[in-house]
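Enquirer: After the structure tokens below, expect a handful of questions from me.
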């Protein structure tokens with residue numbers, strides 16, 4: 001873990017150094033890329049909320065529901081995992097208006113990414129719920145604990161600890177996937193750097209900065225995830 | 001909503017049919033590249049010398065932590081700077097192939113690590129050659145986890161090919177966009193593109209399950 | 001007329017073609033302590049599991065304190081029980097598991113107040129007071145703030161017993177409560193169970209491999225084999241003068257083993 005922290009610090013230093021060394025040049029395109037970074041962060045945070053909500057709802061339904069609710073969950077998971085994110089974004093933005101539902105670019109981007117990743121997250125949530133030992137359910141029956149309390153107070157708290165690593169990986173994938181939102185006319189880091197590259201032709205510098213920004217986002221999420229995992233699984237390890 | 005069947009059959013489907021060929025070719029070529037590249041990266045990563053394994057590890061991590069789309073753009077703009085001019089499709093296949101090499105390297109490594117240490121020790125105790133060790137003992141045992149994981153990456157690559165539309169490769173998504181722009185109608189083309197991916201993915205998932213069961217049955221009785 | 005606390009009436013439990021309980025008739029009186037012994041696969045644990053409604057049965061009726069558990073009266077006839085009915089009747093039964101099944105994300109105290117607060121609707125203060133009393137009783141008051149992973153197996157099982165008692169059951173089911181324990185921890189758990197048995201406040205069903213303990217605390221011992229109750233009787237009679245050939249065989253093997 002330590003070397004990777006060093007790398008992130010090194011990259012930050014490199015970025016700082018680069019900006020000093022070629023300040024005049026950077027001034028041309030850095031502001032636009034940073035404005036794009038703000039859009040990337042916004043879309044990431046909003047779609048992450050949709051992603052987590054859908055993961056838990058569809059995951060619980062997939063694991064425990066029956067009948068129509070189960071089929072709804074299965075249908076949602078299969079459809080949104082089966083299609084390509086770019087197609088989903090296009091469909092939401094260009095075809096949904098045909099059904100009388102016009103979306104803003106941000107809404108289409110957030111919904112498309114959130115629903116797509118929610119389908120993957122649901123499978124992780126389902127697996128984690130299934131990984132909670134059967135004895136836990138039996139104990140709640142023996143203690144006459146209601147099904148709702150069983151899920152929210154006993155099963156989910158344990159399942160969430162199990163699903164953290166998978167969800168952290170998906171969160172990093174989600175941030176990477178926000179690079180596609182230019183398809184719905186949003187100017188995120190990726191699209192900003194393409195635009196700036198076409199204006200200034202500084203491919204190496206521009207894309208080095210862009211790639212490193214994404215890399216830093218990913219490492220940031222990774223640290224947060226590790227800390228979270230540590231916190232949640234402290235009491236679950238066999239021996240402390 | 002209005003869905004026009006004549007438009008679907010006369011305009012959309014014929015164009016899509018050609019584009020589907022590009023999508024499939026891009027998928028297969030990228031996948032083969034990823035299989036080979038992944039093996040090379042895995043060997044570099046597990047190399048004895050840290051001077052080789054360390055950079056390989058960081059390269060893999062870097063590739064995995066950054067968006068494929070940015071990598072595609074980067075290659076697309078960068079290669080001409082070095083005097084290499086490739087068709088967009090080739091550049092795209094290269095980018096998708098490299099990106100998935102990093103992912104496949106992890107699959108291979110996890111597969112080999114899943115073989116218990118005692119198996120390696122038994123091979124040493126029996127004085128088997130390195131070739132025999134891999135061919136008869138290690139590879140057969142590491143295939144069951146590797147094969148389905150690689151299958152999943154094949155499907156993932158398939159779903160990544162629409163990114164090539166960003167560099168104007170005439171695959172399914174690009175063709176739907178073009179149809180949309182030309183006729184001011186997105187409904188049919190984009191919906192059919194979606195159904196195409198959905199159906200192909202479901203079929204692929206089914207096939208992977210078949211292969212997975214076959215591998216499990218034929219190797220671990 | 002006094003009715004038994006627990007009654008099985010022609011209970012059939014099968015997994016596919018395999019019948020685990022074959023038309024079982026069996027009853028336990030109020031305050032009685034009954035041990036169930038038998039070889040593995042005899043159905044002895046299944047008796048507890050179907051009574052706790054962890055598993056369904058195919059036919060027959062189980063009664064708790066005179067009321068049907070898996071069925072209910074509706075317009076004068078017995079129909080399959082509703083969930084609410086099962087929950088109401090089930091509240092009289094508590095179960096202690098072989099593998100403790102403590103909630104790993106909660107401390108010992110939190111384990112003990114979880115159900116009283118959220119199922120019985122007790123206030124947190126009230127439930128905590130009672131839980132501390134119970135933890136003191138099992139000798140673990142000082143471990144109230146510990147998580148299960150910080151406790152030994154014997155300590156975990158004693159917490160599990162306190163957790164079960166906190167729900168005020170009238171019937172206690174013990175499913176091989178010492179089987180998962182290291183030998184040096186068996187004594188501390190048996191001591192707690194012995195006190196509960198002697199108190200006379202609970203109807204107890206104990207599935208166990210500890211023959212000596214079964215002989216000591218039970219009012220009656222039942223021997224199960226092949227999904228049927230083959231022999232039952234007072235401990236002295238059953239252990240010292242077994243009638244059934246299968247029981248004689250079983251006892252000689254168990255005693256041989258130690």
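The values are calculated or read from the model by the stated rules, or taken from the named source; none is laboratory data. What you see is a predicted model, and the numbers here were worked out from it, not measured in a lab. Cβ coordinates were reconstructed from backbone atoms using ideal geometry, including for glycine residues, and neighbour counts include every protein chain displayed.
Enquirer: Restrict the check to region A:161-181 and report whether at least one residue is outside any helix (DSSP H, G or I), at the interface with another protein chain (Cβ under 9 Å from one of its Cβ atoms) and modelled with pLDDT under 95.
Expert: Initial filter on region A:161-181 (outside any helix (DSSP H, G or I)): none.
Within region A:161-181 (the criterion being outside any helix (DSSP H, G or I), at the interface with another protein chain (Cβ under 9 Å from one of its Cβ atoms) and modelled with pLDDT under 95), the answer is no, since none of the residues qualifies.
Enquirer: Being within 12 Å of another protein chain (Cβ to nearest Cβ) and over 18 Å from residue A:203 (Cβ atoms) is the filter here, so list the residues in region B:64-93 that pass it.
Expert: Within region B:64-93, the subset within 12 Å of another protein chain (Cβ to nearest Cβ) is B:64-82.
Hits for region B:64-93 are B:64, B:65.
Enquirer: Now for a different question. On the basis of being more than 30 Å from residue A:209 (Cβ to Cβ), under 16 Å from the mean Cα position of the chain (by Cα) and buried (at least 16 other Cβ atoms within 10 Å of the Cβ), does residue A:54 make the cut?
Expert: Numbers: more than 30 Å from residue A:209 (Cβ to Cβ): yes; under 16 Å from the mean Cα position of the chain (by Cα): yes; buried (at least 16 other Cβ atoms within 10 Å of the Cβ): yes.
In short, yes.
Enquirer: Kindly provide the set of residues from region C:70-97 that are out of contact with any helix residue (DSSP H, G or I) (no Cβ under 8 Å at 6 or more places or on another chain) and either part of a loop (DSSP other than H, G, I, E, B) or touching a residue at least 40 places away in the same chain (Cβ under 8 Å) (or both), ordered by number.
Expert: The initial filter retains those residues of region C:70-97 that are out of contact with any helix residue (DSSP H, G or I) (no Cβ under 8 Å at 6 or more places or on another chain), namely C:71, C:73-80, C:82-89, C:91-92.
Hits for region C:70-97 are C:75, C:76, C:82, C:91, C:92.
Enquirer: Does residue C:35 meet the test of being within 17 Å of residue C:207 (Cα to Cα), under 18 Å from the mean Cα position of the chain (by Cα) and modelled with pLDDT under 95?
Expert: no
Enquirer: Looking at C:165, C:196, which one is at pLDDT 95 or above, within 14 Å of another protein chain (Cβ to nearest Cβ) and closer than 23 Å to residue C:151 by Cα?
Expert: Details: C:196 fails: within 14 Å of another protein chain (Cβ to nearest Cβ).
The match here is C:165.
Enquirer: When you scan region B:138-159, do you find a residue that is over 13 Å from the mean Cα position of the chain (by Cα) and in a loop (DSSP other than H, G, I, E, B), even just one?
Expert: no
Enquirer: Moving on to the next point. Can you pull out every residue in region C:1-24 that is closer than 14 Å to residue C:64 by Cα and surrounded by fewer than 22 Cβ atoms within 10 Å (Cβ to Cβ)?
Expert: Passing the criteria: C:2, C:3, C:4, C:7, C:9.
Enquirer: Return a yes/no flag: does region A:115-132 have any residue that is free of Cβ contacts under 8 Å to residues at least 40 places away in the same chain and within 14 Å of chain C (Cβ to nearest Cβ). Show your work before the answer.
Expert: First pass over region A:115-132, keeping only residues free of Cβ contacts under 8 Å to residues at least 40 places away in the same chain: A:127, A:131-132.
When the remaining residues are screened for being within 14 Å of chain C (Cβ to nearest Cβ), the result is A:131-132.
Yes, region A:115-132 contains at least one residue that is free of Cβ contacts under 8 Å to residues at least 40 places away in the same chain and within 14 Å of chain C (Cβ to nearest Cβ).
Enquirer: Moving on to the next point. Do we find that residue B:169 is more than 10 Å from every other protein chain (Cβ to nearest Cβ) and assigned to a loop (DSSP other than H, G, I, E, B) in this structure?
Expert: Working: more than 10 Å from every other protein chain (Cβ to nearest Cβ): yes; assigned to a loop (DSSP other than H, G, I, E, B): yes.
The answer is yes for residue B:169.
Enquirer: Oh, and also: Out of the residues in region C:144-154 that are assigned to a helix (DSSP H, G or I) and within 13 Å of chain A (Cβ to nearest Cβ), which is nearest to residue C:97 (Cα to Cα)?
Expert: Our first condition is that a residue be assigned to a helix (DSSP H, G or I); within region C:144-154, this holds for C:148-150, C:153-154.
So of that shortlist, the ones also within 13 Å of chain A (Cβ to nearest Cβ) come out as C:148-150, C:153.
Working: C:148: 15, C:149: 17, C:150: 19, C:153: 12 Å.
Among those that are assigned to a helix (DSSP H, G or I) and within 13 Å of chain A (Cβ to nearest Cβ), it is C:153.
Enquirer: Now a separate question. Across region B:35-76, what is the number of residues that are in a helix (DSSP H, G or I) and closer than 19 Å to residue B:91 by Cα? Talk me through it step by step, then tell me what you get.
Expert: So in region B:35-76, the residues in a helix (DSSP H, G or I) come out as B:35-45, B:50-65, B:68-76.
Filter once more, keeping what is closer than 19 Å to residue B:91 by Cα: B:35-38, B:63-64, B:68-76.
Residues meeting the conditions: 15.
Enquirer: Suppose the filter is surrounded by 22 or more Cβ atoms within 10 Å (Cβ to Cβ) and within 14 Å of chain B (Cβ to nearest Cβ); does residue A:99 pass it?
Expert: no
Rundown of residues vs (1) within 12 Å of chain B (Cβ to nearest Cβ); (2) under 30 Å from residue A:155 (Cβ atoms); (3) crowded, with 19+ Cβ neighbours inside 10 Å, yes/no style:
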position: A:35; (1), (2), (3): no, no, no
position: A:46; (1), (2), (3): no, yes, no
position: A:49; (1), (2), (3): no, yes, no
position: A:69; (1), (2), (3): no, yes, no
position: A:81; (1), (2), (3): yes, yes, yes
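Enquirer: Go through region C:113-136 residue by residue and tally those that are facing chain A (nearest Cβ under 10 Å), assigned to a helix (DSSP H, G or I) and either under 22 Å from the mean Cα position of the chain (by Cα) or surrounded by 23 or more Cβ atoms within 10 Å (Cβ to Cβ) (or both).
Expert: 3
Enquirer: Here is a list: B:26, B:20. Which entry is surrounded by fewer than 18 Cβ atoms within 10 Å (Cβ to Cβ) and either modelled with pLDDT of 90 or more or assigned to a helix (DSSP H, G or I) (or both)? Show your work before the answer.
Expert: Values: B:26 fails: surrounded by fewer than 18 Cβ atoms within 10 Å (Cβ to Cβ).
Going through B:26, B:20 in turn, the sole match is B:20.
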